[in-house]
Structure formats: C-alpha cells, structure tokens
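Read the structure below first, then the notes.
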Amino acid sequence: MRLKDKIAVITGAGAGIGRACAVEFAKEGAIVIAADINSQGAFETSKLGAGITPVKVDVADGASVAMLAEFVVSKYGPVDILVNNAAIQVSKSVEETTDEEWARQLAVNVGGVFLCTKHFLPQLKKTRGAIVNMSSVNAFFVEPYCAGYCATKAAILAFTKAVAIDHGRDGVRCNCICPGYIDAGLAEAYFLSQPNPDAARQAAGGLHALGRVGRPEEVARAAVFLASSDSSFTTGSAMVVDGGFGSGLPVGGR
Ligand SMILES: NC(=O)c1ccc[n+]([C@@H]2O[C@H](COP(=O)([O-])OP(=O)(O)OC[C@H]3O[C@@H](n4cnc5c(N)ncnc54)[C@H](O)[C@@H]3O)[C@@H](O)[C@H]2O)c1
C-alpha cells in the first residue's frame, strides 16, 4: 500500500495507460479521480477498482480544468498526486496535418499538462506532492508521420524539468515516463493508420530488445514508483519504460 489514502488525479484515465494507472494506484490504496473527456470510459475505469471516481474533463480547456480542481479539493481535500496522461496522436505527414489538428494536438498534449499543473500546483505545494507526466520514447526517437505528436512529447521533457526546478523548494517533485510501444489506444490507432496494421504491429514489437510491445500495467507500475515516497530523491527525470526500444533486433533477425 505505497499510496495509502493519497488523493490522485489521473487524466486520460478512461482507457489504456491512464486506466491501468487508476487500477494500480487504487490497489496501492490511493483515492483516485479518473478524469477523461470520455465520461463513459472514465465510468468503466471506476468499476475496475475500489475508490475510483470518474469525472469528465477536457484538459485543453482551462475552465474545465479549473472546475475539476475545485471539485476535487472540495470533495477530497488537497491533491497529493497528479498524473498528466491524456493525449491524442495525429498520424499524418506535416503537409497533410490541418491547422486545426496541429492546434488541438498541442492544446491537449502540452496545453493540458500546463493547465492541470497550473491548477493543481497550489494543492500539491500544500501536500508536498508529486507530478507524473506521460511523455514517450518519441521524445528521443522520432518515427514517420507523427511529427506533431513527437514534438509534444519532447516538450513534456523540458516542461517536466522546468517544473521540477521551479518547485523543488516547495517539496513538489515532477518526473515523466517515456514508454515504448504499449498495447493501448494510441499505439493501436497508429497501427490501424498504417497500410498493413498487422505488419506494423509486428514490426513495432521487433523494435524492442524484449521483442514485444509493452502492457499498460508495466507503465502504471513505474507511475506508482514516481508518485510514491520510494522515489523521494527523484525529480526532473525521464524514466524510460520501453523494453529496450531502438536496440531490438529487426523482425526475423537473430
Ligand atoms: N500506447 C503507446 O504505445 C504509448 C507510448 C508512449 C507514450 N504513450 C502515452 O501514454 C498516454 C496514454 O496513451 P494511451 O495509448 O493509453 O492512449 P488512449 O487513447 O488509450 O487513452 C488516452 C485517453 O485520453 C483521453 N483524452 C483525450 N483527449 C482528452 C482531453 N482533451 N481531455 C481529457 N482526456 C482526454 C481519451 O479519451 C483516452 O481515454 C499518452 O500520453 C501517450 O502519449 C502511449
């Protein structure tokens, strides 16, 4: 019970990695607010563990995030943990990406991290809490046809370090996780956008030293570590949870 009675807000908790974080945090004793733009997804997550409350939020909308922060503090008290996980991915070349797609991707993936951090920091300073941001190996290794997504994930690395530096003296730690391919929504959508989704999935597994894509709970357990006092001297870091991405043998190699 490494998170016993800790109040944890997890964005994008209605599916995939965010859902797995909600479940793992609840198992560790946290009181979880599963926040997602997809209220049905958040509701389904709430049925997967004790003490998970579903809430609808659009992390790209300042008013929506402000309402979430007010709701949480009035119902549960100051937040101990914020997991900024919500994101979208546009799998297109730069030329094909519309201005609206570019703007929305930035607003959700980077703007959402900014807005949630801004609105929850006053509470996190009171609790001397922890922020866990979800970046990606795409912050370091870019892949075809997702330039905007890679740019947002690289931005999260710098933002994480900046928040860690600005608020370390307040007792707030801020770290990020860089997953490789994980068997969850964004990777699935990427596979489906490729000409041959099965081949894309197989090739993705082959890019990892472990020869497979990861499972959402394998990322969630890293999030538990970064959110708990087990990582009390870790801040501003990028924890890579990628099965050895980039060092794997090509499919069919030996
Ligand atoms: N799946 C992967 O292979 C992979 C790899 C590296 C990093 N990541 C990162 O992990 C995180 C989760 O990815 P996933 O694959 O689980 O995605 P997913 O699509 O399964 O889940 C993302 C969730 O975010 C929610 N969401 C989207 N826009 C939102 C908004 N404006 N406000 C609130 N919620 C919103 C969606 O409704 C969804 O429930 C993302 O930050 C992603 O960049 C994923």
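In square nanometres, what is one fourth of the surface area of the convex hull spanned by the alpha carbons of the stretch 17-79?
Average of the hull's projected areas for the stretch 17-79 equals 4.1 nm².
Hey, got a sec? Which trypsin sites (Lys or Arg not before Pro) in the stretch 1-41 land in a DSSP loop and have at most 13 other Cβ atoms within 10 Å?
Lys4
Take the Cα atoms of the stretch 46-122, find their three principal axes, and give me the spread along each one in whole Å, biggest first.
Taking the Cα atoms of the stretch 46-122, the three principal extents are 46, 29, 17 Å.
If the convex hull of the alpha-carbon atoms of the stretch 1-138 is projected onto planes in all directions, what is the mean projected area in square nanometres?
If you wrap the Cα atoms of the stretch 1-138 in a convex hull and average its projections, you get 8.3 nm².
Calculate the FRET efficiency for Asp166 and Ser247 from the Cβ-Cβ distance with a Förster distance of 30 Å, rounded to the nearest 0.05.
With a Förster radius of 30 Å, E is 0.30.
Limiting things to C-alpha atoms, what are the Rg and the maximum Cα-Cα separation (Dmax) for the stretch 104-205, in angstroms?
According to the Cα coordinates of the stretch 104-205, Rg and Dmax are 15.9, 50 Å.
DSSP H helices in the chain with Cα extent of 15 Å or more along the helix axis and mean Kyte-Doolittle hydropathy at least 0.5?
Helices meeting the criterion: 16-27, 62-76, 147-167, 216-227.
Any idea how far the Cα center of the stretch 1-28 sits from the one of the stretch 168-195, in Å?
15
So for the pair Thr234, Lys118, with labels modelled 7 Å out along Cα→Cβ, what separation do we get in nm?
The modelled label-to-label distance comes out at 2.9 nm.
Taking H placed 1.01 Å from N in the peptide plane, check which residues at least 5 places from Val241 or on another chain put their amide H under 5 Å from its amide H.
Under 5 Å from the amide H of Val241 lie the amide H atoms of Cys178, Gly180, each far enough along the sequence or on another chain.
Mind checking the alpha-carbon convex hull of the chain and giving the volume per residue in Å³?
Considering the Cα atoms of the chain, their hull volume per residue is 119 Å³.
Explain nothing, just the number: relative contact order of the chain, from Cα pairs under 8 Å at least 6 residues apart, as a whole percent.
19
Given the options Ala154, Ala107, Ala209, state which has the largest fluctuation in a GNM of the chain using a 10 Å cut-off (strictly under) for Cα springs.
Ala209
Where a number appears in this text, it was derived from the coordinates with a stated rule and is not lab data. A quick note: this is a predicted structure, and the numbers were derived from the prediction, not measured. Quick reminder, even Gly has a Cβ in these numbers, built from the backbone with ideal geometry, and neighbours come from all protein chains shown.
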